[in-house]
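Notes for the one structure printed next.
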Ligand SMILES: Nc1ncnc2c1ncn2[C@@H]1O[C@H](COP(=O)(O)OP(=O)(O)O)[C@@H](O)[C@H]1O
Ligand code: SF4
Ligand SMILES: [Mg+2]
């Protein structure tokens, strides 16, 4: 492992027990994933709701125990550590949870919110008033916002407060779970630009989680596309966008409004139902929704293969510019 690898996740699985007494079953919310994030790099984790993104982030954060695998932060193995041993590592990473306003305590001022990490982890002699000013200016909020309460903030401003809290202790790693959810499109761009700017200025390693691939196109170095707890495609973001090799990646990309009417005709209509984790499909787990599925896909699980610097788990990876079969096109 090279020195600048900040986060290393290797073969991680997360299991949940579900069902009542006598009907208890184990499901895998994360079913064996691996990736590294280096200093100054953004890694995007993309997939539909329920694909396991938040569970994986919680595992990295130590909020969720893992069943298998290894998680290493700045060279130190962190999975399985107790609360006490985890505390100094928590200073080195922070997680921005979904829901900008709801995750801020309504009775705390912005000033108290952005300096709360110091009250939890110790201020090391720092002047909290100075820290408030430093943090608000880093996230582009006026200093007098320190006296405001969360309900007085717009969605974008609340997200900036969340970012200030996340960077307060100069972490090495920031994980942002759906950082732009619920925001207007223009504000989404502002929040992403802010995260991107801070990543560069502070040399952060960053993980951005989103269900919308387009959100991370211009800010992520690496992108992993997750389906039912596994990575189906992982690699350099440009490659993933320019020529998606996995049908699921292509479907996710085409699920977004396409301004070009010629291309809109070729949008892939993904059937709505994501399979239940209690009944994972045989063979390739995407075969029940894949426009290109063939007999082999129903029986044999594809192993990831290397294509143009990407790992792709598909028996029949797409050629660049592949178009879906007519029967699967969304009606224009
Ligand atoms: N505590 C839990 N108990 C049982 N199942 C869970 C639990 N947490 C998450 N899951 C399941 O794990 C899967 C992944 O969930 P999640 O990580 O929240 O997905 P995402 O963030 O990609 O939307 C979902 O099927 C979800 O229902
Ligand atoms: S293996 Fe088959 S079903 Fe799975 S994504 Fe590839 S073509 Fe589709
Ligand atoms: Mg989630």
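Rule-based calculations on the coordinates, nothing more; no lab input. Nothing here was measured: the structure is a model prediction, and the numbers come from that model. When we count neighbours, we look across all protein chains shown, and the Cβ atoms used for this are built from the backbone with ideal geometry, even at glycine.
For a Förster distance of 51 Å, can you work out the FRET efficiency between the beta-carbons of residue 108 and residue 238, rounded to the nearest 0.05? Intermediate values should be presented prior to the final figure.
Working: r = 41 Å, r/R0 = 0.81.
The formula returns an efficiency of 0.80 here.
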Rounded Å value of the spacing that divides the Cα centres of segment 12-84 and segment 220-259: 20 Å
Here, residue 322 and residue 218, labelled 7 Å along Cα→Cβ, have an inter-label distance in nm of 2.9 nm
Just need the relative contact order of segment 5-226 here, percent rounded to a whole number, with Cα pairs under 8 Å and 6+ apart. 29 percent
Relative to the longest principal axis of the chain, what angle (0 to 90°, nearest 10) does the C-alpha long axis of helix 155-167 take? 70 degrees
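Of all DSSP beta bridges located in the chain, what percent are antiparallel, nearest 5? Can you show the working numbers first?
Numbers: 30 of 48 bridges.
Given both bridge residues lie in the chain, the antiparallel proportion sits at roughly 60 percent.
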Using packing as a proxy for protection, rank 75-88, 58-71 so that the peptide with the highest average count of other Cβ atoms within 10 Å comes first. 58-71, 75-88
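Please compute the contact order of segment 1-136 in relative form: average sequence separation of alpha-carbon pairs under 8 Å and at least six residues apart, divided by the residue count, as a percent. Write out the running numbers ahead of the final one.
Working: 162 pairs, mean separation 30.7, N = 136.
Across segment 1-136, relative contact order equals 23 percent.
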Relative to the longest principal axis of the C-alpha atoms of the chain, give the angle of the C-alpha long axis of helix 185-202, reported between 0 and 90° and rounded to the nearest 10°. 70 degrees
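Counting other beta carbons within 10 Å of each residue's own, what order do 246, 121 fall into, fewest first? If you can, show how the numbers build up before the last one.
Values: 246 28, 121 14.
Listing 246, 121 from fewest to most nearby Cβ atoms yields 121, 246.
Given only helices, namely DSSP H runs of n ≥ 4 each adding -39500 (n - 2.57), what is the per-residue ellipticity at 222 nm of the chain, to the nearest 500 deg cm²/dmol?
Details: 11 runs with 99 residues, N = 332.
After summing the helix terms and dividing by the residues of the chain, the value is -8500 deg cm²/dmol.
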At 37 °C in a medium of viscosity 0.692 mPa s, the chain has a Stokes-Einstein diffusion coefficient, with Rh taken as the Kirkwood radius over alpha carbon pairs, in µm² per second, of 155 µm²/s
